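The values are calculated or read from the model by the stated rules, or taken from the named source; none is laboratory data. Because the structure is a prediction, the values reported are computed rather than measured. Cβ atoms come from the backbone with ideal geometry, glycine included; neighbour counts cover every protein chain shown. We work out accessible area using only protein heavy atoms, side chains counted, and drop any ligands, DNA or RNA first. Shrake-Rupley method; radii C 1.70, N 1.55, O 1.52, S 1.80 Å.
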Amino acid sequence: QVQLVESGGGLVQAGGSLRLSCAASGTIFGPYVMGWYRQAPGKQRELVADITSGGSGNYADSVKGRFTISRDNAKVTVYLQMNSLKPEDTAAYYCYLHNGLGQVYWGQGTQVAVSS
């Protein structure tokens, strides 16, 4: 079993920054992709960004140029640096890991709130 523990959410003013972290533990079959989804109240969960084992990142159009995803393979940790935050970025952010067997694991979520 794989466990994902997120940290770094909080309340910030528009234009501010936050950095989310997600550390994975357990037996992980590679290669694996890690990333972040988010879900705002009343909306569907949407992909924010993900990153392959080789370090290739993929971003939603709404966050390109503002968010940066990175990973530390030795620590099995993924980071999401969020800059120039907007009120519409307010959501619960969920970390996920998609392993080499096609299994997907989710974190419990961390709340991000951006005030205008």
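Descriptive notes on the structure:
- With the largest listed first and rounded to whole Å, the semi-axes of the equivalent ellipsoid of the chain from the Cα gyration tensor are 24, 14, 12.
- FRET E, pair Ser53, Arg19, Förster distance 25 Å, beta-carbon r, rounded to 0.05: 0.70
- In this structure, Ala60 and Leu101 have a Cβ-Cβ separation that, at R0 = 25 Å, corresponds to a calculated FRET efficiency of about 0.45.
- Summed over the residues of the chain and divided among them, the accessible surface reaches 52 Å² per residue at a probe radius of 1.4 Å.
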